[in-house]
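Presented below is the structure to which this report refers.
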Amino acid sequence: MDADKELIATLVGRIMEEITAQQSAGGQQSAAGQQHAGSSELGIFESMDDAVAAAEVAQRQYLECKLEARRRYVEAIREVSSRPEHLEYMARCTVEETGMGNVEHKIIKNRYAAEGTPGVEDLVTDAWSGDDGLTTVEYSAYGVIGAITPTTNPTETVICNSIGMLAAGNSVVFSPHPRAKKITLWLVQEINKALAKEGAPANLVVTVREPSIENTNAMMAHPGVRMLVATGGPGIVKAVMSTGKKAIGAGAGNPPVLVDATADIEKAAQDIVDGASFDNNLPCTAEKEVIACDAIADLLRFEMTKCGAHEITDAAQLKALEDLVLKEGGSGPRTEWVGKDAAVLLEAIGVTPRPGTRLIIAEVDKDHPFVQHELMMPILGIVRVPDVDTGIELAIELEHGNRHTAIMHSRDVTKLTKMGRLIQTTIFVKNGPSFAGLGIGGEGFSTFTIAGPTGEGLTSARSFARRRRCVLVGELNVR
Ligand code: NAD
């Protein structure tokens, strides 16, 4: 009987929490616009104006919250995003909705986003004290941030941006890619429910019911949005940088991986196949072309075929693959084949893949579209070079000045240093798969917004904050 009472008390407590959450969300409705009633709709607005207005109200309330509260809210986002059933759901729904990627790999990516994104601890205060008193410089909120998210990492980006942006005291309006609308709206609602349970101000994380380019443009132009963060291709990065607002642009890459004659070839082959096939090559950081020194090129190709790569050597098959996945004239990838399984691509050109095939490789010249373009497919062009110095020059050329990511396999510290210095990428991974640069099997925190063009690099809470100086004259120096 006592057990029954306890159960009922727990259930009543939960229902009361839900009701309080709904009421608190409802309280914002009149001020902020027409949010639909019911906890399943939290954070979703009919118009961009309403979404921004709600986020503005939320951010003003958030200013009153203590850091301890922010920490709890960040923990709530981590918890709701990393529940095993939610990880599974997000991964499956994303693959289903976008038609791209790999469920198991998306589970890993989302888990790292939830667990590895820095929180409030990222905001370290600088202080100066002396005869003239005490001065601090603290990381402080921007206000409402407009965040534009890609199809390739839709939920990962929402998780890591929500954590970083809320940790820094902001609210956020998401403008997701229309092709990832369903899963993004689901996640925004789950985050809102989790935040409401912690008693957070309603609408710290919001979006619109119908994401579109028009809504993204409305968000970028809205005076209530103080900062823009674009995670996507060159078009949207340029768009946010042209607004006149503070903008963070996390754009495209074309990461080269260079292998020299001193490398552990067996390991390099394994790492490259693992990195380039991760989520079917969707990550902007994934190996997009291989540059192999002549002395080891054949061995590398052979080793890669031993760990899941299918090599195309037949000219007719190569042509069939080009015709399938490239636009007319080879000017870039056809969207419908982006993020597909290697086996699906092979079957589409009439090749039966061996079980376990994860990647397609082909030796080509440096001007081949498989090398020049960011395909985001598990296809790697391999270019042979006479020596490592030529390889470094070619890697710089193929990176196209994106300053995004590069990878090198070598035991020659001098050449590793030379490559790192000259290529100037935000991420430079040495002797590992590309995803080590995201903190997956490499040291360092996780993020899925890597801002090469605007220079923040791997973004975290401090990237979404303003530096503000606070000066007390003459006192509080106790030295
Ligand atoms: P995309 O550029 O097509 O779309 C990204 C977002 O921008 C979407 O929400 C889309 O709706 C919006 N958008 C695009 N063009 C727009 C316009 N003209 N006006 C208004 N909104 C616009 O990119 P995608 O296919 O979703 O993602 C893949 C691209 O993003 C790749 O180039 C990849 O390298 C890059 N990316 C970069 C990072 C990074 O951290 N640097 C992370 C993920 C993806």
### Query
In segment 87-125, what residues are open to solvent by 60 Å² or more (accessible area, probe 1.4 Å) and either in contact (Cβ under 8 Å) with a residue 24 or more places away in the chain or farther than 21 Å from GLY437 by Cβ (or both)?
GLU88, TYR89, ARG92, GLU96, ARG111, TYR112, GLU115, GLU121, VAL124, THR125
### Task
Identify, by number, the condition in (1) open to solvent by 10 Å² or more (accessible area, probe 1.4 Å); (2) within 13 Å of the ligand (Cβ to nearest atom); (3) over 22 Å from GLU46 (Cα atoms) that GLY130 doesn't meet.
(2)
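More than 25 Å from LEU394 (Cβ to Cβ), out of contact with any helix residue (DSSP H, G or I) (no Cβ under 7 Å at 6 or more places or on another chain), away from the ligand (no atom under 11 Å from the Cβ) and without any contact (Cβ under 8 Å) to a residue 40 or more places away in the chain, is that true of GLY235?
no
Count, please, the residues in segment 266-306 that happen to be among the polar types (S, T, N, Q) and surrounded by 24 or more Cβ atoms within 10 Å (Cβ to Cβ).
Filtering segment 266-306 for residues among the polar types (S, T, N, Q) gives 270, 277, 280-281, 285, 305.
Okay, now just the ones that are also surrounded by 24 or more Cβ atoms within 10 Å (Cβ to Cβ), so 277, 280-281, 285.
Number satisfying all stated conditions: 4.
Answer yes or no: is there a residue in segment 463-470 that is within 16 Å of the ligand (Cβ to nearest atom) and either over 23 Å from THR149 (Cα atoms) or surrounded by fewer than 16 Cβ atoms within 10 Å (Cβ to Cβ) (or both).
Step one: list which residues in segment 463-470 are within 16 Å of the ligand (Cβ to nearest atom), which gives 463-464.
With the extra rule that they be either over 23 Å from THR149 (Cα atoms) or surrounded by fewer than 16 Cβ atoms within 10 Å (Cβ to Cβ) (or both), the set shrinks to none.
Checking segment 463-470: not a single residue is within 16 Å of the ligand (Cβ to nearest atom) and either over 23 Å from THR149 (Cα atoms) or surrounded by fewer than 16 Cβ atoms within 10 Å (Cβ to Cβ) (or both).
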### Message
Could you tell me how many of the residues in segment 133-158 are assigned to a strand (DSSP E or B), more than 16 Å from the ligand (Cβ to nearest atom) and not small (Gly, Ala, Ser)?
### Response
7
### Query
With segment 1-98 as the region, which helices (runs of 4 or more DSSP H) entirely inside it contain at least 3 residues that are modelled with pLDDT under 50 and over 23 Å from THR149 (Cα atoms)?
2-32
### Query
Mind checking which residues of segment 159-181 are closer than 20 Å to GLY116 by Cβ, within 13 Å of the ligand (Cβ to nearest atom) and either open to solvent by 20 Å² or more (accessible area, probe 1.4 Å) or touching a Phe, Trp or Tyr at 6+ places or on another chain (Cβ under 6 Å) (or both)?
CYS160, GLY164
## Note on the structure
Restricted to segment 307-341 and to residues being assigned to a loop (DSSP other than H, G, I, E, B) and without any contact (Cβ under 8 Å) to a residue 24 or more places away in the chain, the residue surrounded by the most Cβ atoms within 10 Å (Cβ to Cβ) is ARG334
## Note on the structure
Selection from segment 54-66 of residues out of contact with any helix residue (DSSP H, G or I) (no Cβ under 6 Å at 6 or more places or on another chain) and either open to solvent by 40 Å² or more (accessible area, probe 1.4 Å) or more than 9 Å from PRO201 (Cβ to Cβ) (or both) yields ALA55, GLU56, ARG60, GLN61, LEU63, GLU64, LYS66
### Query
Mind checking which residues of segment 248-305 are within 16 Å of the ligand (Cβ to nearest atom), aliphatic (A, V, I, L, M) and assigned to a helix (DSSP H, G or I)?
ALA276
### Message
Can you pull out every residue in segment 202-230 that is in contact with a strand residue (DSSP E or B) (Cβ under 9 Å, 6 or more places away or on another chain), open to solvent by 20 Å² or more (accessible area, probe 1.4 Å), away from the ligand (no atom under 13 Å from the Cβ) and assigned to a loop (DSSP other than H, G, I, E, B)?
### Response
ARG209, HIS222
### Matching entry among GLU328, GLU289, GLU347 (being within 25 Å of the chain's Cα centre (by Cα) and of a type in the set (D, E, K, R))
GLU289
### Task
Please state which of the following conditions ASN192 fails to meet, knowing it meets all the rest: (1) away from the ligand (no atom under 16 Å from the Cβ); (2) part of a loop (DSSP other than H, G, I, E, B).
(2)
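The values are calculated or read from the model by the stated rules, or taken from the named source; none is laboratory data. In this text, all values refer to a predicted model and were calculated from it rather than measured experimentally. Positions of Cβ are backbone-derived with ideal geometry, glycine not excepted, and every protein chain shown enters the neighbour counts. Ligands, DNA and RNA are stripped out before the accessible areas are found, and what is left, the full protein with its side chains, is counted by its heavy atoms. Shrake-Rupley method; radii C 1.70, N 1.55, O 1.52, S 1.80 Å.
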